[in-house]
Amino acid sequence: MPLSSNKPYLIRALYEWLLDNNATPYLLVDTRHRDLRIPPNIDKDGRVVLNISPVAIDGLDMANDYIAFSARFGGRAFDIYLPMATILAIYSADDNEGMMFAEEEPPPEGGPDDDGPGDGGDDGGNRPGLRVVK
């Protein structure tokens, strides 16, 4: 059985290491991913840098599949959701210590989990289907 990705573990470890060294942790994020949730118009050329220090954000959740938190942009609170595939680097703003990760291709629009009208999510395979219910 193949091992799971070490990326989320490395990000969590580097985050703790940066905080222990009184450094300000930043994430470099690829904003081309369709499942990403960030405020509009904060990215530049498909990238955004986010300060994830405890004084800048609330409710940090670093799971194996995503990083989520709340932050203020322009005086308004936003819930941020970053799929792990969008994280390109975690580093210190103070001295650029940290780690970069390989860039992953964003999933195509209309992928297998985008069920269209009348599609019950059954792709004929063994995968469970998901459907948006309003």
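No lab work stands behind these numbers, since they all come straight from the coordinates. Bear in mind the structure is a predicted one, so any value in this text is a computation, not a measurement. So basically every Cβ, Gly included, is an ideal-geometry build from the backbone, and we count neighbours across all protein chains shown.
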_Options Arg47, Arg34; residue that is of a type outside the set (A, V, I, L, M) and in contact with a Pro (Cβ under 8 Å, 6 or more places away or on another chain)_ = Arg34
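Strands (runs of 3 or more DSSP E) wholly in the range 1-82 with at least 1 residues that are loosely packed, with under 14 Cβ neighbours inside 10 Å - which ones?
Working: elements: 25-30, 47-51, 57-62, 66-73.
Result: 47-51, 57-62, 66-73.
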*asked:* Just the residues that are among the charged types (D, E, K, R) and under 10 Å from the mean Cα position of the chain (by Cα), please, taken from the range 25-44.
replied: Asp30, Asp35, Arg37
